[in-house]
Amino acid sequence: MCVAVPGKLIKRKENRGTVEIGGLNREIFIHLIPDVKVGDYVLVHAGCAIEIINEREAFKTLKLLKEIAEHEIC
């Protein structure tokens, strides 16, 4: 199963950017969505931003991922 995680683009330089996801910053490639702007929320999969999403959907997804993580038993 593949999962894309939402993050907020906080820096941009050419075809790379930095996203904030759950308090952590990660460098990603943004070449697949060249129109992305700092402040946009994007879905990140395998180190690449693959889609711009709205803030409401990003928060909803992050909340669900947090709930899953809190209930996972290993």
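Each reported figure results from applying straightforward, stated rules to the coordinates on display, with no laboratory input. These numbers come from a predicted model, not from an experiment. Virtual Cβ from ideal backbone geometry, glycine too; neighbours counted across all protein chains shown.
Numbers at a glance
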{"item": "Listed peptides 60-70, 32-42 by packing density, highest first (mean Cβ within 10 Å)", "result": "32-42, 60-70"}
{"item": "Answer label for log10 I(q)/I(0) by the Debye sum over Cα atoms at q = 0.16, 0.18 Å⁻¹ (calculated), chosen among (i) -0.53, -0.65; (ii) -0.60, -0.75; (iii) -0.47, -0.61", "result": "(i)"}
{"item": "Simple label model, 7 Å out from Cα along Cβ direction - Leu64 to Val38, nm", "result": "3.1 nm"}
{"item": "Hz values of 3J(HN,Hα) by residue in segment 30-40 - Karplus curve (6.51, -1.76, 1.60), Gly and Pro given as x", "result": "10, 5, 6, 10, x, 7, 5, 10, 4, x, 6"}
{"item": "Theoretical FRET efficiency, 1/(1+(r/R0)^6), r = Cβ-Cβ of Asn25 and Cys2, R0 35 Å, to 0.05", "result": "0.95"}
{"item": "Angle between the chain longest axis and helix 55-71 axis [Cα atoms, degrees, rounded to 10]", "result": "40 degrees"}
